[in-house]
Amino acid sequence: MSKINITEIEKVAKLSRIELDANELDKITEEFESILDFVEIIEKADTKGVEPTSQVTGLSDVWRDDVVVRSEIEPKDLISAAPEIQDGYIKVKKVL
Amino acid sequence: MENMNYLSITRAHNLLKMKKITATALVKFYLDKIKQENPKLKAVISITEKSALEKAKKVDAKIAKGEEIGILEGIPYTAKEMFMTKGETTTASSKILKDYKSPYSATVIKKLDEEGAILIAKVNQDEFAHGGSTENSAYHPTHNPWDLERVPGGSSGGSAAAVAADFGIFSLGTDTGGSIRQPSAYCGVTGLKPSYGAVSRYGVISMASSFDCIGPIARSAEDAEIVFEVIAGLDSKDSTTVDYEFANGGDVKAIYYEVGNIIDSNVKENKFPGIDISTIESVDDLGITNESLAAYYILVPSEISSNLERYDGIRYGSRSDKAGSLNDTYSKTRGEFFGPEVKRRNMIGTYALSAGYYDAYYKKAMQVRTIMKNKVDDILKMHDVILLPTTIDPAFKIGAKSDPIEMYKTDILTVFANLAGVPSISIPFGFDESTGLPMGLQIIGKQGDDKKILEIAKTIQSKTVYQEKIKEIKL
C-alpha cells in the first residue's frame with residue numbers, strides 16, 4: 001500500500017524550505033515510504049492514557065536572577081558570520 | 001626521547017611533571033602524526049596548530065617555574081565538528097557551514113581550556129550528526145584505523161578513529177542515539193554517553209535537544225572519568241542541565257542481555273570483583289529495542305526539523321547565489337547545501353509534525369517514549385545496571401549500507417538509553433571471530449549513576465586487556 005505520493009512530498013519539501021530536483025523528489029518519495037513502514041511498529045503500542053514524554057529531566061520553570069549579564073560574545077563577530085553584510089547590517093533579498 | 005605513543009592522561013601528566021617531556025613536544029608529536037597519517041585515516045577536518053602551540057608554551061613556562069599543574073594541563077585532545085571553538089571553524093561536517101568561524105566557545109570547551117587541556121584538531125562526523133558511519137560527512141568519509149576499508153562508525157566517527165589512531169589523548173563527541181558508543185565499539189575505544197543533562201550543551205550544535213548528550217571518547221574508562229569530572233555540572237546557559245548527585249561504587253548486581261555475538265561468551269567467561277553478572281536473558285526478553293528505534297526515528301527527525309530551521313542562508317554559513325527572492329534564499333540554500341540524509345530527516349520531521357499526522361506520529365512516539373522509559377527504569381529498579389553489547393556486528397565496509405533504514409538499524413542496541421535519558425558507557429570487550437575487529441560492551445545505569453558505571457568500567461578494564469590492543473594498530 002502506498003502511504004505517500006509525490007504531491008505530498010512536494011508539499012513537505014515546501015514546508016521544510018528545501019528545494020529538490022526531480023530526481024531527488026523521486027528518490028525521497030521512495031525512501032519516505034520505507035521509513036514510514038519502518039516506524040509503523042509503534043502503531044501497535046497500547047498508548048491509551050499514557051502521558052507523552054517530551055523531556056527526561058523532570059525540571060520545570062528553570063529561572064535565573066533577573067540581572068543583566070554582559071555577554072562575552074562580540075556583536076560584530078556575530079554579524080560578520082553572515083554571508084552578506086553592509087555597514088554592520090545583514091543584507092537580505094527584498095521581502096515584499 | 002621518551003616514548004609518547006598511546007599515553008594515558010595520568011602517564012602524560014606524570015611525564016610532564018617529571019620534565020621527561022614538554023607540552024610543546026607532546027603537541028608537536030601529535031600534529032606531526034596527524035600530518036603524516038591523516039591522509040590515510042581522514043579523521044581530521046582542521047588542525048588548531050597556532051593556538052595549540054601557544055597554550056603548550058604557557059604550560060611549559062609554568063612547569064619550568066616549578067608551579068603545580070592540573071591533571072589535564074598540557075593534555076592534547078580533539079573535538080567533533082559540532083563543538084563551537086572560538087576563532088576556529090565549526091562546520092558540523094556540512095557544506096552549509098563551510099568556513100563558519102565560531103564567535104564563542106562551547107561551555108565544555110571553555111571548561112577544558114580553563115583546566116589547561118589543549119585542543120589540537122577538529123574531527124569529522126556525519127553531517128549534523130545524522131548517521132552511523134561518518135560517510136554522511138559533506139567533506140569525506142573517515143576510515144576505521146583497524147581496517148581502512150571499513151567505517152569507524154558514527155556519528156562521532158572522527159573522534160573514535162582519532163583516539164584509536166592516537167591523534168591526541170581523548171576526544172569529545174555527541175550522542176543522540178548511540179553516536180559516542182557505536183563508533184567507540186567499532187574502533188575499540190571507551191565512550192561515555194552521560195545522563196541527559198549531566199553535561200552542558202551550550203555552544204554545541206543542536207541535533208535533537210531532548211536526546212543530545214555530550215561525552216568523552218578515550219582509551220580507558222579512567223581517562224573518560226577524568227574528562228567527565230571536568231565537563232559535567234550545572235550551566236546557567238543550558239537550563240536543561242541537572243545537578244546530579246553522582247553516587248559512587250559498591251557491589252553491583254547486573255543483568256546481561258545476550259544478542260548472539262562474541263560479547264556473550266566473553267561476559268560468561270570473565271569474573272569481576274564486586275560485579276555479579278549471574279542473570280542472563282535474551283535481548284528479545286528486553287523487548288524494547290524495536291519500538292525504541294521506531295519512536296526514535298520519529299521524535300529525533302521532528303526535533304531536527306525544528307533545530308535546523310536556523311540554517312536559512314541569512315545569518316551564517318553558505319547562501320545560494322541563485323535565489324531571486326527571500327523565500328528562494330531559504331529553499332535554494334537548503335536545497336544546495338544540505339546533504340541527502342539531512343534533507344531526509346528534516347522532511348520526515350516536518351511531515352510527522354504537520355497537521356493531520358501529529359497525533360499518529362509525533363504524539364504517539366512521545367507516548368511510546370514514556371512506555372520505553374518506564375520499562376528501562378523498572379529493570380533498573382531490580383538490577384543496578386544493564387549490560388548488553390553496543391552493536392550486534394562489528395564495523396562494516398564503506399558503502400555497504402546505502403539504504404538509510406539499514407544504517408538506522410546499527411543503533412538498535414543504543415537508542416533506548418537516549419529515550420530514557422540514562423547513562424551508558426561502551427568499553428572494548430572482545431574481537432569478532434571472523435574479522436578480528438573490536439566489539440563493545442555497554443554498561444547502562446540509572447539516571448545520575450554516571451560515576452557508578454565508570455567505576456564498573458574501570459574495574460572491568462583492570463582485569464581485561466581488550467582495550468590494550470589498539471596499541472598494535474599500524475596505519
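Considered as a group, the residues in region B:344-360 that are more than 7 Å from every other protein chain (Cβ to nearest Cβ) and assigned to a loop (DSSP other than H, G, I, E, B) include one that is farthest from B:Ala92 (Cα to Cα), and that residue is B:Gly356. Restricting region B:66-87 to residues that are within 14 Å of chain A (Cβ to nearest Cβ) and at pLDDT 95 or above, the residue that is nearest to B:Gly313 (Cα to Cα) is B:Met84.
Under the condition of being within 27 Å of B:Lys373 (Cα to Cα), part of a helix (DSSP H, G or I) and in contact with a strand residue (DSSP E or B) (Cβ under 6 Å, 6 or more places away or on another chain), the residues counted in region B:253-287 number 5.
Conditions (1) among the polar types (S, T, N, Q); (2) in contact with a helix residue (DSSP H, G or I) (Cβ under 8 Å, 6 or more places away or on another chain), marked per residue:
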site: B:Ser155; (1), (2): yes, yes
site: B:Gly158; (1), (2): no, no
site: B:Gly188; (1), (2): no, yes
site: B:Gly191; (1), (2): no, yes
site: B:Pro194; (1), (2): no, yes
site: B:Ser210; (1), (2): yes, yes
site: B:Cys213; (1), (2): no, yes
site: B:Ala221; (1), (2): no, yes
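Hey, among B:Arg319, B:Arg334, B:Arg315, B:Arg345, which residue is crowded, with 18+ Cβ neighbours inside 10 Å, free of Cβ contacts under 8 Å to residues at least 40 places away in the same chain, in contact with a helix residue (DSSP H, G or I) (Cβ under 9 Å, 6 or more places away or on another chain) and not polar (S, T, N, Q)?
B:Arg319
Conditions (1) touching a residue at least 24 places away in the same chain (Cβ under 8 Å); (2) touching a helix residue (DSSP H, G or I) at 6+ places or on another chain (Cβ under 8 Å); (3) within 30 Å of B:Ser402 (Cβ to Cβ), marked per residue:
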site: A:Lys14; (1), (2), (3): no, yes, yes
site: A:Phe32; (1), (2), (3): yes, yes, yes
site: A:Ile42; (1), (2), (3): no, yes, yes
site: A:Asp65; (1), (2), (3): no, no, no
site: A:Glu72; (1), (2), (3): no, no, no
site: A:Ile79; (1), (2), (3): no, no, no
site: A:Ile90; (1), (2), (3): no, yes, no
site: A:Lys93; (1), (2), (3): no, yes, no
site: A:Leu96; (1), (2), (3): no, no, no
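The set of residues in region B:446-461 that are closer than 14 Å to B:Ala254 by Cα, crowded, with 23+ Cβ neighbours inside 10 Å and either in contact with a Cys (Cβ under 8 Å, 6 or more places away or on another chain) or acidic (Asp, Glu) (or both) contains only B:Asp449.
When you check B:Lys33 against the structure, is it surrounded by 12 or more Cβ atoms within 10 Å (Cβ to Cβ) and out of contact with any Ser or Thr (no Cβ under 7 Å at 6 or more places or on another chain), yes or no? Give the derivation first.
Working: surrounded by 12 or more Cβ atoms within 10 Å (Cβ to Cβ): yes; out of contact with any Ser or Thr (no Cβ under 7 Å at 6 or more places or on another chain): yes.
The answer is yes for B:Lys33.
Taking B:Gln467, is it under 21 Å from B:Val151 (Cβ atoms) and part of a strand (DSSP E or B)? For B:Gln467, the condition - under 21 Å from B:Val151 (Cβ atoms) and part of a strand (DSSP E or B) - is not met.
Here is a yes/no grid of residues against (1) more than 7 Å from every other protein chain (Cβ to nearest Cβ); (2) in a helix (DSSP H, G or I):
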residue	(1), (2)
B:Tyr297	no, yes
B:Glu309	yes, yes
B:Gly324	yes, no
B:Gly335	no, yes
B:Val342	yes, yes
B:Tyr362	yes, yes
B:Lys375	yes, yes
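Residue count for region B:268-292, restricted to those that are buried (at least 18 other Cβ atoms within 10 Å of the Cβ) and either within 30 Å of A:Ala45 (Cβ to Cβ) or within 24 Å of the chain's Cα centre (by Cα) (or both): 6.
Based on this model, can you work out whether A:Glu30 counts as within 7 Å of chain B (Cβ to nearest Cβ), acidic (Asp, Glu) and more than 22 Å from B:Lys332 (Cβ to Cβ)? Steps first, answer last, please.
Working: within 7 Å of chain B (Cβ to nearest Cβ): no; acidic (Asp, Glu): yes; more than 22 Å from B:Lys332 (Cβ to Cβ): yes.
It is false that A:Glu30 is within 7 Å of chain B (Cβ to nearest Cβ), acidic (Asp, Glu) and more than 22 Å from B:Lys332 (Cβ to Cβ).
Any residue at all in region B:36-50 that is surrounded by 18 or more Cβ atoms within 10 Å (Cβ to Cβ), of a type in the set (Gly, Ala, Ser) and in a helix (DSSP H, G or I)? Within region B:36-50, none of the residues are surrounded by 18 or more Cβ atoms within 10 Å (Cβ to Cβ), of a type in the set (Gly, Ala, Ser) and in a helix (DSSP H, G or I).
This table checks each residue for (1) more than 9 Å from chain B (Cβ to nearest Cβ); (2) modelled with pLDDT under 90; (3) under 15 Å from B:Arg345 (Cα atoms); (4) more than 20 Å from the chain's Cα centre (by Cα).
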{"position": "A:Lys3", "(1), (2), (3), (4)": "yes, yes, no, yes"}
{"position": "A:Asp26", "(1), (2), (3), (4)": "yes, no, no, yes"}
{"position": "A:Glu40", "(1), (2), (3), (4)": "no, no, no, yes"}
{"position": "A:Ala45", "(1), (2), (3), (4)": "no, no, no, yes"}
{"position": "A:Val56", "(1), (2), (3), (4)": "no, no, no, yes"}
{"position": "A:Val68", "(1), (2), (3), (4)": "yes, no, no, yes"}
{"position": "A:Glu72", "(1), (2), (3), (4)": "no, yes, no, yes"}
{"position": "A:Ser80", "(1), (2), (3), (4)": "no, no, no, yes"}
{"position": "A:Val95", "(1), (2), (3), (4)": "no, yes, no, yes"}
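Just to be sure, is B:Glu303 crowded, with 18+ Cβ neighbours inside 10 Å, in a helix (DSSP H, G or I) and either hydroxyl-bearing (Ser, Thr, Tyr) or out of contact with any Asp or Glu (no Cβ under 7 Å at 6 or more places or on another chain) (or both)? Considered against the rule, which asks whether it is crowded, with 18+ Cβ neighbours inside 10 Å, in a helix (DSSP H, G or I) and either hydroxyl-bearing (Ser, Thr, Tyr) or out of contact with any Asp or Glu (no Cβ under 7 Å at 6 or more places or on another chain) (or both), B:Glu303 comes out as yes. State which residue is nearest to the other protein chains (Cβ to nearest Cβ) when the search covers only region B:392-427 and only residues that are acidic (Asp, Glu) and either surrounded by fewer than 22 Cβ atoms within 10 Å (Cβ to Cβ) or part of a loop (DSSP other than H, G, I, E, B) (or both). Only one residue fits best here, namely B:Asp403.
Of the residues A:Ser34, A:Ser54, which single one is within 27 Å of B:Ile304 (Cβ to Cβ), part of a loop (DSSP other than H, G, I, E, B) and small (Gly, Ala, Ser)? Talk me through it step by step, then tell me what you get.
Values: A:Ser34 fails: part of a loop (DSSP other than H, G, I, E, B).
After ruling out the rest, the residue left standing is A:Ser54.
Scanning region A:5-24 for residues that are closer than 14 Å to B:Met347 by Cβ, of a type in the set (A, V, I, L, M, F, W, C) and either more than 7 Å from chain B (Cβ to nearest Cβ) or exposed (fewer than 14 other Cβ atoms within 10 Å of the Cβ) (or both) gives A:Ile6, A:Ile9.
Starting from residues that are part of a loop (DSSP other than H, G, I, E, B) and of a type in the set (S, T, N, Q), keep the ones in region B:428-464 and report whichever is farthest from B:Pro152 (Cα to Cα).
Initial filter on region B:428-464 (part of a loop (DSSP other than H, G, I, E, B)): B:432-437, B:445-449, B:464.
Now narrow it down to the ones that are of a type in the set (S, T, N, Q): B:434-435, B:447, B:464.
Numbers: B:Ser434: 18, B:Thr435: 15, B:Gln447: 28, B:Thr464: 23 Å.
Among residues in region B:428-464 that are part of a loop (DSSP other than H, G, I, E, B) and of a type in the set (S, T, N, Q), the one farthest from B:Pro152 (Cα to Cα) is B:Gln447.
Which count do you get for residues in region B:78-105 that are over 24 Å from B:Glu341 (Cβ atoms) and in a loop (DSSP other than H, G, I, E, B)?
Filtering region B:78-105 down to residues over 24 Å from B:Glu341 (Cβ atoms) leaves B:85-88, B:101, B:103-105.
Checking the rest, the ones that are also in a loop (DSSP other than H, G, I, E, B) come to B:85-88, B:103-105.
Summing the residues that are over 24 Å from B:Glu341 (Cβ atoms) and in a loop (DSSP other than H, G, I, E, B) in region B:78-105 gives 7.
Filtered by the rule that a residue be hydroxyl-bearing (Ser, Thr, Tyr) and at positive phi, region B:132-160 gives a lone residue, B:Thr134. From the set of residues in region B:1-35 that are β-branched (Val, Ile, Thr) and part of a helix (DSSP H, G or I), which is nearest to the chain's Cα centre (by Cα)? Among residues in region B:1-35 that are β-branched (Val, Ile, Thr) and part of a helix (DSSP H, G or I), the one nearest to the chain's Cα centre (by Cα) is B:Ile9.
The values are calculated or read from the model by the stated rules, or taken from the named source; none is laboratory data. Remember, it's a predicted structure, so these values are computed and weren't measured experimentally. Here the Cβ is made from the backbone with ideal geometry for all residues, glycine too, and neighbour counts use every protein chain on show.
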